[in-house]
Amino acid sequence: MLRLDGVSKTYRVGSLGRGRLTAVRDVSFELNPGEVLSVIGESGSGKSTIGRMILRLLLPTAGSITYDDADIGALHRGALKDYYRNVQGVFQDPFSSYNPIFKADRIFSMVHAEFFPRVGADEWRQRVHEALESVGLNPRDCLHKFPHQLSGGQLQRLLIARALLLDIQYLVADEIISMLDASTRIDVLNLLADLKTRGLGILFITHDLSLGNYISDRTIILRHGCVVELGATQKVFGDPRHAYTQDLLASVPLLSEKWRRSDAGSSPAVRLPEQAEAPELVRVDDDHLVAAG
Amino acid sequence: MALHVDDLRVYYRTLAGDVKALDGVTFEVADGEIMGLAGESGCGKSTLGKSLIRLDGRMRYVDGHAVLDGEELPIWDDGAMNAFRFRSVSIVPQYAMSALNPTRKIGRMIHELLRARGVDPHKTQPELQRRLELVGLDIGVLGLYPIELSGGMKQRVVMVISTLLDPALLIADEITSALDVSTQKAVAQTLVEIRDRGFVKSMIFITHDLAVLYQVADTILVMYAGKLAEKAPADEIVSNPRHPYTRLLVSSLPEVGVRYEEKELTGIPGRPPSLLDPPTGCRFRSRCPLATARCEQEPPWVEQNGRGIACWEAKPTPVPAPAAPLVGNAR
């Protein structure tokens, strides 16, 4: 189990790092195997920071992140490598995730050399082919090509295949389909749902409420780094209790219903003042927590 | 008719040859109409928007005409287009930050811009203030640098500047794509407001997001691989799409309320063809579930009852008249 306990992250900003910017405040949640947890928030809500802390690309300022009861901040060398065998991330821009002068198969050879030096070349090839097939790619179509010869959807699936080679338990998917076209993004989304049924725990970070609603079992709504609402997806979307969640949902463009015109041209949705302290979460229902105030 | 575009072709020059990004499109935008332009990346929608105001260095005008209020836009002549830019055709680009000069305060930048266009900035000052207030901005923004504004504020500032001289045509290129949902709504509604108040006559709103288009556009034009696929009123595109591409595109959109466990959506297999050497006939053929041998011929653009479509196999909307052979302005 991946568990965040009162995690906060403060960045130093401005000249000489004199300013302080708290990106994440006192966030706690758990991610279980076979579960998709959506982290939804607008830009600057700290959603990516959470993902990067779980991948240990950043260390939390306060609080702890534990993986199977081990604090990941304390992992070093071999233990850290073991952690990365289990937890991997895929990021937003597939075109910048690759080295443009390496062919796609090179990322798999790097995993081979780094994590599985004892596996023979033939067996490794077999594993790569299996991983590619499980993400719906034909090995012949993509292995010996440069990144610019592949589409965004193919590149994202290659990255997921790379993560799968490591027998991962958890995947941090940070806006992985925002850069993809409508006709291909749904395929990547369905792939994630398929991996979930095979036991993978997925942290699905997005700004798009409809995508989060489509795929996730549980949802966290973030605002200014604080958890605003947390719970089963159907409860958060079906019965939003916090004004901010309601407001977000009302702003989502739908194909079935037009926005109400009465508030045309008005100021952007309710801007609640930024709070210094994270508000307390109140349980309103089974598996449904809402920030007080 | 505010804008009439006829068989416009604009290619990109590359070392490998011409990329036929815009390969013969014909459409009209009526007075007071917001026309949405939708399609996947690389379908030519931004090329269309850009070619109506300024071709960048790699773009090459090949053929076609664009007539705005009875006057032909000299698309091929960068210098001659200058007389039209800002006054009759204006654009709001995707990244407002890159449209604003970072070293000037907003007010001074507008001042310089107007003077460069031979307009007395003092005369437009009251109107500028009125419009800033209208879009929910304080007059104080004129004394700020662009970096001090949020993304949505910058986008609205650019919208006010672009429409200050009441152009006949406004091109809005992916202006809501980089914004958060709540800001996106405010910006999209400001666009409608600008049209309703008559600051611009017509608008082309380019985005890949059909849901946003449905909210603001009167008609939607769907492009595929440099050509038009379908044009219809916004409600019709969403509720009753006829082109197989539009149909698949609409059905692949996850909406709030749709969940994987209950209804698994499907994407469109395959990818758009390369425009360096596009296939003959219908360009959607290789991905189309309805494709037949006839699709090797290029489908004509057929317009009927206010909707247009380029497809051999799509079922026509039921019309009371006896079925006549479909003859359109085939090109």
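The values are calculated or read from the model by the stated rules, or taken from the named source; none is laboratory data. Everything numeric in this text was worked out from a predicted model, so none of it was measured. Ideal geometry is used to build each Cβ from the backbone, glycine not excepted, and the neighbour counts take in all protein chains shown.
Values computed for the structure shown
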read-out	value
Residue check, residue B:21 surrounded by fewer than 20 Cβ atoms within 10 Å (Cβ to Cβ), hydrophobic (A, V, I, L, M, F, W, C), closer than 21 Å to residue B:91 by Cβ and at pLDDT 90 or above	no
Which numbered condition residue A:159 fails, given (1) surrounded by 15 or more Cβ atoms within 10 Å (Cβ to Cβ); (2) over 23 Å from residue A:36 (Cα atoms); (3) away from every other protein chain (no Cβ under 13 Å)	(2)
Extreme residue, farthest from the other protein chains (Cβ to nearest Cβ), among residues of the stretch A:193-212 that are assigned to a helix (DSSP H, G or I), of a type outside the set (Asp, Glu) and more than 22 Å from residue A:4 (Cα to Cα)	A:195
Segments classed as strands (runs of 3 or more DSSP E), wholly inside the stretch A:1-83, with at least 2 members that are without any contact (Cβ under 8 Å) to a residue 40 or more places away in the chain and closer than 21 Å to residue A:222 by Cβ	A:2-13, A:19-31
Of all residues making up the stretch B:105-146, the number that are over 21 Å from residue B:183 (Cα atoms), part of a helix (DSSP H, G or I) and β-branched (Val, Ile, Thr)	2
Residues satisfying the stated conditions in the stretch B:72-109, i.e. farther than 21 Å from residue B:154 by Cα, of a type outside the set (D, E, K, R) and touching a strand residue (DSSP E or B) at 6+ places or on another chain (Cβ under 9 Å)	B:73, B:75, B:76, B:81, B:84, B:88
Tally of residues being at pLDDT 85 or above and under 23 Å from the mean Cα position of the chain (by Cα) across the stretch B:260-271	1
Failed item, numbered, when residue A:265 is tested on (1) surrounded by fewer than 17 Cβ atoms within 10 Å (Cβ to Cβ); (2) modelled with pLDDT under 80; (3) not charged (D, E, K, R)	(1)
Residue under evaluation residue A:146, criteria (1) away from every other protein chain (no Cβ under 13 Å); (2) buried (at least 22 other Cβ atoms within 10 Å of the Cβ), criterion not met	(2)
Residue tally, condition out of contact with any Lys or Arg (no Cβ under 7 Å at 6 or more places or on another chain) and surrounded by fewer than 18 Cβ atoms within 10 Å (Cβ to Cβ), over the stretch A:20-51	6
Top-ranked residue in the stretch B:246-259 [being more than 18 Å from the chain's Cα centre (by Cα), in a helix (DSSP H, G or I) and not hydrophobic (A, V, I, L, M, F, W, C); ranked as surrounded by the most Cβ atoms within 10 Å (Cβ to Cβ)]	B:247
Counted residues, the stretch B:185-233 - those being in contact with a strand residue (DSSP E or B) (Cβ under 7 Å, 6 or more places away or on another chain), buried (at least 24 other Cβ atoms within 10 Å of the Cβ) and basic (Lys, Arg)	1
Condition broken by residue B:182, with the remaining ones in (1) polar (S, T, N, Q); (2) within 17 Å of residue B:135 (Cα to Cα); (3) within 18 Å of the chain's Cα centre (by Cα) satisfied	(3)
